[in-house]
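Derivation of every value follows stated rules applied to the coordinates shown; laboratory data play no part. Since the model is a prediction, treat every value here as computed from it, not as a measurement. Here the Cβ positions follow ideal geometry from the backbone for every residue, glycine too, while neighbour counts run over all protein chains shown.
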Amino acid sequence: MPGSEELPSTLRRSGEKARRTWVKAHDSAVETYGEGERAHRTAWAALKHTHERVDDRWEPKDEPGPSDPRAARGGEAARRGEGETFGGVDYEGSTRQELYERARRLDVPGRSRMSKADLARSIARAQQAKSRT
């Protein structure tokens with residue numbers, strides 16, 4: 001399977017369901033659109049519908065659904081990049097308090113004064129920095 005050969009490192013550290021979701025969506029998109037950026041975007045969109053990034057891996061969400069404003073828009077608007085995305089953080093499915101608690105665990109400075117969107121952005125940055133170390 002082509003998708004299993006291209007599995008990103010965060011997915012290699014994730015559960016079987018996350019890996020299977022990404023590979024199946026990727027391979028299906030390759031059949032439809034051909035190999036390339038669109039196949040990868042499709043695979044990530046499918047994964048982000050059922051999983052969210054927590055630290056350096058993907059974990060199942062409590063409720064499936066779009067994770068961010070871009071995913072909620074979908075279609076052509078999402079392909080054009082309209083709407084914000086938060087690096088796998090489940091912005092749509094999390095309350096501000098839940099995001100605040102995650103930011104606290106990641107020791108994000110200034111979190112008490114942040115909006116929900118600011119918290120999601122900061123969590124995404126902190127997780128990205130953590131996965132590089």
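Values for this structure:
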| quantity | calculated |
| --- | --- |
| Cα-based convex hull volume of the chain per residue, rounded to whole Å³ | 106 |
| Computed helical MRE - 222 nm, the chain, DSSP H runs ≥ 4 contributing -39500 (n - 2.57), nearest 500 | -17000 deg cm²/dmol |
| Ratio of Rg to Rh over the stretch 48-90 (Cα coordinates, Kirkwood Rh, two decimals) | 1.00 |
| Rg/Rh for the stretch 1-51, where both radii come from Cα atoms and Rh is the Kirkwood radius | 0.93 |
| Assigned charges on the beta-carbon of Lys, Arg, Asp, Glu; the chain dipole about Cα centre (debye) | 460 |
| Using θ = phi - 60° and Karplus 6.51 cos²θ - 1.76 cosθ + 1.60, couplings along the stretch 41-58 (whole Hz; Gly, Pro as x) | 4, 5, 5, 5, 4, 5, 5, 5, 6, 10, 9, 10, 7, 10, 6, 10, 8, 10 |
| Residues whose placed amide H lies under 5 Å from that of TRP58, excluding near-sequence neighbours | SER14, GLY15 |
| Most mobile of PRO69, PRO109, PRO60 in a GNM of the chain (Cα contacts under 10 Å) | PRO109 |
| Fewest-first sequence of TYR91, TYR100 by Cβ atoms within 10 Å of each Cβ | TYR100, TYR91 |
| Listed residues SER67, MET114, SER131: farthest to the positive end of the dipole of the chain (Cβ charges) | MET114 |
| Mean shadow area of the stretch 87-133, taken as a quarter of the surface of its Cα convex hull (nm²) | 3.0 |
| Most positive-pole-ward Cα, THR21, GLY34, THR50, against dipole of the stretch 13-52 from beta carbon charges | THR50 |
| HIS51 long-range amide H proximity, modeled H, under 5 Å | LYS61 |
